[in-house]
Amino acid sequence: GCNVGAGLGIVRAKADGDNNNASFVNGIATCNGTLLGNVHANLGYSKASGASGVKSWGVALEREMGAVMPHIEYFGVEHTKPVVQLGVRGDVVRNVQLDGTVGRSDGVTAWSVGVKLKF
């Protein structure tokens, strides 16, 4: 089925005697088990003190294929080039998941590897 969620928060950082505050809101929608697989979408807005607010957005698709879950994501933040990334995750042994992703934005390639321990 489909689910929705929202996050709202304030971040306070103190650096060099200055207080820097930022606030954010993010809305998330997920539909699982569609013909395409699991579909995720989000919209957000954040604002640092003394700065203009910026909007963010993202869409992702993931589909289980046996022991692995490939995924593709496309997301961005206002005034920057969007990012597209591809990845795959799966359990390598019981309760240990490995995730690898490669992405590209504005001619720059980035990759990540993650480990998730389930207990």
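The values are calculated or read from the model by the stated rules, or taken from the named source; none is laboratory data. Quick caveat: nothing in here was measured; it's all calculated off a predicted structure. FYI the Cβ positions are ideal-geometry reconstructions off the backbone, even for glycines, and counts take in every protein chain you see. All accessible areas refer to the heavy atoms of the entire protein, side chains included, with ligands and DNA or RNA removed. Shrake-Rupley method; radii C 1.70, N 1.55, O 1.52, S 1.80 Å.
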In region 1-88, the GluC sites (Glu not before Pro) that fall in loop regions by DSSP, at most 14 other Cβ within 10 Å = E64, E78
Anchor K14: lysines whose Cα lies under 18 Å away (excluding residues fewer than 8 positions away in-chain) | K47
Residue-ordered couplings for region 81-96, obtained by feeding phi - 60° into the Karplus form 6.51 cos²θ - 1.76 cosθ + 1.60 and rounding to whole Hz (Gly and Pro as x), are 6, x, 10, 10, 9, 10, x, 8, 9, x, 6, 8, 8, 4, 6, 10
³J(HN,Hα) across region 22-32 via Karplus (A = 6.51, B = -1.76, C = 1.60, θ = phi - 60°), whole Hz, x for Gly/Pro?
-> 9, 10, 8, 9, 9, x, 10, 10, 9, 10, 9
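If you take the Cα atoms of region 78-119, find Rg, then find the Kirkwood Rh from the mean of 1/r over all pairs, what is Rg/Rh?
On the Cα set of region 78-119, Rg over Rh gives 1.16.
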Which residue, chosen from G50, G87, A67, occupies the Cα position most advanced towards the positive end of the dipole of region 44-90, where the dipole is computed from +1 (Lys, Arg) and -1 (Asp, Glu) charges on Cβ about the Cα centre?
-> G50
How much accessible surface area, in Å² rounded to 10, belongs to the heavy atoms of D18 with a 1.4 Å probe?
-> 90
Given the protein chains as shown and a 1.4 Å probe, how many square angstrom of V96 are accessible, to the nearest 10?
-> 40
Carbon and sulfur atoms: what percent of the 1.4 Å accessible area of the chain do they account for?
-> 62
Residue-normalised accessible area of region 1-100, expressed per residue, 1.4 Å probe, Å² | 69
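First select every other residue whose beta carbon is under 14 angstrom from the beta carbon of G76; then total the charges, Lys and Arg +1, Asp and Glu -1.
Details: positive: K55, K81, R104; negative: E73, E78, D106.
Taking every Cβ under 14 Å from that of G76, the sum is 0.
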Integer Hz, Karplus 6.51/-1.76/1.60 couplings in order for region 57-63, x for Gly and Pro | 7, x, 9, 8, 9, 9, 9
Enumerate the residues in region 20-42 having an amide nitrogen under 14 Å from the point lying 7 Å beyond the Cα of I72 toward its Cβ.
-> 36-40
Taking Rh as the Kirkwood radius, which is the inverse of the mean 1/r over Cα pairs, what is the Rg/Rh value for the chain?
-> 1.04
